[in-house]
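The values are calculated or read from the model by the stated rules, or taken from the named source; none is laboratory data. Keep in mind it's a predicted model, so treat the numbers as computed, not measured. Don't worry about glycine lacking a Cβ; one is built from the backbone with ideal geometry, like all the others, and counts go over all protein chains shown.
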Amino acid sequence: MRKIILLMFMLVFIFPVPVFAGELKLVKGKGIPVCEAHFKNLKTMDLYKMVCERDEYYPEENGIKRPQWEKLDLRENKEIVKRIHKFYSYGDQFSEMEIMDDEKQFEELMKVIYLKSHALYKTAVDIDNDGKAEKILLYSQGFCMETHVYSRPLFVLYEAKNLIDVKKTELLLDPFKKYVDVKVKSSPYMLYDVFFYKNISYFDKWDVDYWTLTVYKLSKGSGREACKYKYEKTLKNKED
């Protein structure tokens, strides 16, 4: 068990990260007010802040607002943390997963990795624009762009119980319902955030595979791609 946790520690904390420079470009949504407003705000930040620290540095300007996130204690919310990892790994929050189900192993994992590099936040947002607010979780895993493995997925919880609402969460992970199995959508290096424009909820997703930030809007049980930005990068030497 300790070998597994040590391997996870190495993946999370040790691998180096390349340094990039470049320019953010609006590639879909030119002339659309929400896309132009978001673009203006994003351009005030460097790459790291735009990708990793929008919650701290994103300017609420040009008509865009952000929800207030409450940071939760990981130990006090360990059951939902376990469900998130099971859902994220297997597509089933009730699946068997030894490292999560065995309290001794989970406690070691919590102490060695999670408490150092993971964070859980919650807010209430009408994420699908149906007039009713949902309980939303944002789960930050690893140190963004500083460790080999990192991600920041969104999850919707049932209002009355501490369980993942799979149907609504799938809309966040796969707005176009491209996949049958939710597991294939749970890729690392995707970082989500939520914002409002003219009382409409949007969420965006950074995808390091394509160096794109895509904005989605949910409505009537489905999603559409509202805007897309691409970071045109050049690789730099760390000495530069």
Evaluate the following for Gly29: is it buried (at least 18 other Cβ atoms within 10 Å of the Cβ), under 21 Å from Lys198 (Cα atoms), touching a residue at least 24 places away in the same chain (Cβ under 8 Å) and not charged (D, E, K, R)?
yes
Pull up the stretch 126-150, narrow it to residues that are of a type in the set (A, V, I, L, M) and part of a loop (DSSP other than H, G, I, E, B), then point me to the one that is farthest from the chain's Cα centre (by Cα).
Ala133
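Counting residues that are over 19 Å from Arg152 (Cβ atoms) and polar (S, T, N, Q), which strands (runs of 3 or more DSSP E) fully inside the stretch 195-236 reach at least 1?
Once the strands (runs of 3 or more DSSP E) in the stretch 195-236 are filtered for at least 1 residues that are over 19 Å from Arg152 (Cβ atoms) and polar (S, T, N, Q), what remains is 212-219, 222-236.
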Between a residue in the stretch 211-222 that is more than 23 Å from Met50 (Cβ to Cβ) and any residue that is modelled with pLDDT under 95 and exposed (fewer than 12 other Cβ atoms within 10 Å of the Cβ), which pairs come within a Cβ distance under 9 Å, given they are 6 or more apart or on different chains?
Gly221/Lys167; Ser222/Phe176; Ser222/Lys177
In the stretch 111-127, the residues that are closer than 18 Å to Ser151 by Cβ and surrounded by 16 or more Cβ atoms within 10 Å (Cβ to Cβ):
Ile113, Tyr114, Ser117, His118, Leu120, Tyr121, Lys122
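Please work out which residue is farthest from Asn62 (Cα to Cα), limiting yourself to the stretch 32-49 and to residues that are part of a helix (DSSP H, G or I) and of a type outside the set (A, V, I, L, M, F, W, C).
Tyr48
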